[in-house]
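Working notes, structure below.
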Amino acid sequence: MRGNDAIARILQAEGTEYLFCYPDNPLIEATAAIGIRPMMSRTERATVNMADGYTRMLNGRRNGVVVTQAGPGIENAYGGIAHAFADSVPILVLPGGTARGATGSHPDFSAPLHYGGITKWSAQINQSGRIPEFLRRAHTFLRTGRGAPVLLETPADVGAEETDAAVSDYRPVAPHRSAGDPADVRDAVAALLAAERPMIFAGQGVLWAEASEQLTTLAELLDAPVATTNSGKSAFPENHPLALGAAAHTMTKMARHFLDESDAVFGIGASFTSNLASRKIPGGKLMVQSTVDAVDLNKDHHLDHAIIGDAQLVLTQMIEEVQRQAGAEGHRGGGAVDEVKRVKDEYTEEWMPLRASDETPLNPYRVMWDLMHTVDLDNTTITHDSGHPRDQLVPTWESTVPRGYLGWGNSTQLGYSLGLMLGAKAAAPERTMIHFMGDAAIGMAGMDIETGVRLNLPVLTIVLNNQVLSGYPARYQSAVESYGFTELYGDYATLAVALGAYGERVHQPQEIVPAIRRGLAEVEAGRPALLEFMTKEENRLAYYR
């Protein structure tokens, strides 16, 4: 068989069901011939975003596979792969490459060379006989330790030549996890039990490890309220009495209160990085961290205790250790629940005027609030785009189940949410997939509405159109004229219809819920839908400095 056929057979053995691709690469035909469905978007970046969303939704049990053309194809994919790297998403990238006899001559583009900084491993399959070896190592890197993209370039002649590679002997790679050092677990638990006001700061490592159940049990045993990072949002049910919501660039009042008032913070599956995805933790606290990667330790904070290990295994160890040190009930029934409720009631009262606003243009918080009270939260996955849609949704939306919210913010590329949701829909077609975009984000990715129509991936797109690119011009008044507009024009509902989707523009508050129901009905019937809400420039954000 040819090299590309060997790669296709190994991908099939590894459980690959979709190939997120953009022509031209012979591997697409080789995989399609054996039943792996090609999923082509309008741009390489969206193709990578789809693989990203697919992988997240399945918690890495299957890894999205990206195939691009050599040269311009893999060059165009850089932004999407950089985003996946920033958010620790394990996707496999298989670009074509220049034939070995022509490498090194300008303008040859070496993907392994240029992608080294944003991949876990970046290499060239330099001999067709080594194809099983390279793919075995690639899948090992994808499924072990911290997630990150892996790239393997296949030179054109390697893919085309006949090979005697032992594909029939190839066995799928199993994931491997490590638990924490028992002494580290013992000391960390003792410190948390001795604290007067402990809290937990959960990151997306809890989601990758599928450890939400263990996190809930430990929180109850410690009587410790739980905040999440943006990317960890949905790891802990936000309708739980100990839930504080997310602490990111914007945050809930509850998260801010407990970050300030707690005397001990336990970070689980979180990097403790202070960025848009994670709010900075004040100093002077006992700091305990558990992560799968030592690169996270003692970075932004000095640690008192640290545990290296898979979040599910470590949380299970900690539950057992709490019960050994403090009894079967641990510290259940302390005063944390009442304190969380008190601050949450204050927070709700403070923001309800915006969430129930009857003003026109529409207040975006009203749109989000009405949507949240219309959908089935347990069967819905939602995400945001960059900028105000993220900053407004993160503290507003109440996620109830793991992966009911796909949060991100380590990189903030406009337009990312559409490809993310298309890939998530491919992974979980039974769930309702919704994403929020602004008028800036849809300009970056709007043509991929057609991708959802063509590939039968019905997602609901919510466009918050304030006609001023979120709040950017307001912050840079002196540059408004140089941008070339005072208002940004575009009828995105009509664009959606032109691309084969359902589209509707909404102006009045009493129209919000009926429009949402019509959009959901279209999605349920198998047709992508776009609802364009004409909103005001709402710059009030939940910073809680």
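Which log10 I(q)/I(0) values does the range 94-178 give at q = 0.16 Å⁻¹ under the Debye formula, counting every alpha carbon as one identical point scatterer?
The calculated log intensity ratios at q = 0.16 Å⁻¹ are -0.67.
In whole Å, how far is the Cα centre of the range 74-137 from that of the range 185-251?
What the calculation gives is 37 Å, centre to centre.
At 0.36 nm per residue, minus the direct Cα-Cα distance, what do residue 298 and residue 174 gain on full extension? Give it in nm, one decimal, please.
On the way: separation 124, 0.36 × 124 = 44.64 nm, distance 3.07 nm.
Gain on stretching residue 298 to residue 174: 41.6 nm.
For residue 344, give me every one of the lysines with a C-alpha distance below 30 angstrom, ignoring sequence neighbours fewer than eight places off in its own chain.
Those lysines meeting the cut-off are 233, 253, 280, 285, 536.
Search the structure for amide H atoms under 5 Å from the amide H of residue 506, placed 1.01 Å from N in the peptide plane, and list their residues when 5 or more places away or on another chain.
Distant-sequence amide H within range of residue 506: 532, 533, 534.
Over every pair of different alpha-carbon atoms in the range 42-89, take the mean of 1/r and invert it; report that Kirkwood radius in Å. Each step should come with its number before you reach the end.
Working: mean 1/r = 0.0933 Å⁻¹.
About 10.7 Å, per the Kirkwood formula over Cα pairs.
Taking every pair of distinct Cα atoms and averaging 1/r, then inverting, what Kirkwood hydrodynamic radius in Å comes out for the chain?
24.2 Å
Could you please state how large a percent of the accessible area of the range 1-128 is carbon and sulfur, counting protein chains only and using a 1.4 Å probe? Don't skip to the end; give the middle numbers.
On the way: 2270 of 4520 Å².
Carbon plus sulfur share of accessible area: 50 percent.
Using only the alpha carbons of the range 397-445, what is the convex hull's orientation-averaged projected area in square nanometres? Present the calculation step by step, with values, prior to reporting the outcome.
Details: hull surface 15.7 nm².
Dividing the Cα hull surface by four gives the mean projection, 3.9 nm².
Order these peptides, 20-27, 278-285, by their mean beta-carbon neighbour count within 10 angstrom, highest first.
Numbers: 20-27: 22.6, 278-285: 16.5.
Sorting 20-27, 278-285 by mean packing, highest first, produces 20-27, 278-285.
On the accessible surface of the range 311-375, probed at 1.4 Å, how many percent belong to carbon and sulfur atoms?
On the way: 1550 of 3140 Å².
That share works out to 49 percent.
Kindly work out what percent of the DSSP beta bridges joining two residues of the chain are antiparallel, to the nearest 5. The partial results should precede the final answer.
Working: 3 of 65 bridges.
Roughly 5 percent of the DSSP beta bridges within the chain come out antiparallel.
At q = 0.15, 0.18, 0.20 Å⁻¹, what log₁₀ I(q)/I(0) does a Debye calculation on the Cα points of the range 198-347 give, no solvent, two decimals?
Treating every Cα as an identical point scatterer, log10 I(q)/I(0) equals -0.68, -1.02, -1.29.
What nm value, rounded to one decimal, do you get for the distance between residue 196 and residue 126 when each label is placed 7 Å out toward the C-beta?
Modelled inter-label distance: 6.3 nm.
Counting only the backbone N, which residues of the range 1-40 are under 20 Å from the spot 7 Å out from the Cα of residue 133 toward its beta-carbon?
Residues 1-11 fall inside that zone.
Over all distinct Cα pairs, what is the inverse of the mean 1/r for the range 4-110, reported as the Kirkwood hydrodynamic radius in Å? Don't skip to the end; give the middle numbers.
Numbers: mean 1/r = 0.0716 Å⁻¹.
For the range 4-110, the Kirkwood estimate is 14.0 Å.
Rounded to whole Hz and in sequence order, give me ³J(HN,Hα) for the range 252-268 from the Karplus expression 6.51 cos²θ - 1.76 cosθ + 1.60, θ = phi - 60°, writing x for Gly and Pro.
Here the 3J(HN,Hα) series is 7, 5, 5, 4, 4, 4, 6, 4, 6, 8, 5, 9, 8, 10, 10, x, 10 Hz.
With a ≥ b ≥ c the root eigenvalues of the C-alpha gyration tensor of the range 349-413, is it rounded (a/c under 1.5), prolate (a/b larger than b/c) or oblate? The partial results should precede the final answer.
Details: a/c = 2.15, a/b = 1.28, b/c = 1.68.
Oblate shape, in that a/c is at least 1.5 and b/c is the bigger or equal ratio.
Taking R0 as 56 Å, what's the FRET efficiency between residue 106 and residue 511 from their Cβ-Cβ distance, rounded to 0.05? Numbers along the way, then the final one.
Numbers: r = 58 Å, r/R0 = 1.03.
E between residue 106 and residue 511, to the nearest 0.05, is 0.45.
For the chain, what does the helix formula give at 222 nm: sum of -39500 (n - 2.57) over DSSP H segments with n ≥ 4, over the residue count, nearest 500 deg cm²/dmol? Working shown, then result.
Values: 23 runs with 209 residues, N = 545.
Roughly -11000 deg cm²/dmol at 222 nm, from the helical runs in the chain.
Could you let me know the centre-to-centre spacing of the range 525-545 and the range 283-351, using Cα atoms, in angstrom?
After rounding, the separation between the Cα centres reads 32 Å.
Which value, in Å², gives the accessible area per residue of the chain when a 1.4 Å probe is used on the protein heavy atoms?
Value returned for the chain: 37 Å² of accessible area per residue.
The values are calculated or read from the model by the stated rules, or taken from the named source; none is laboratory data. In this text the structure is predicted, and so the values were computed from the model without any measurement. Every residue, glycine as well, gets a Cβ built from its backbone with ideal geometry; the counts of neighbours run over all protein chains shown. Ligands, DNA and RNA are excluded from the accessible area calculation, which covers all protein heavy atoms including side chains. Shrake-Rupley method; radii C 1.70, N 1.55, O 1.52, S 1.80 Å.
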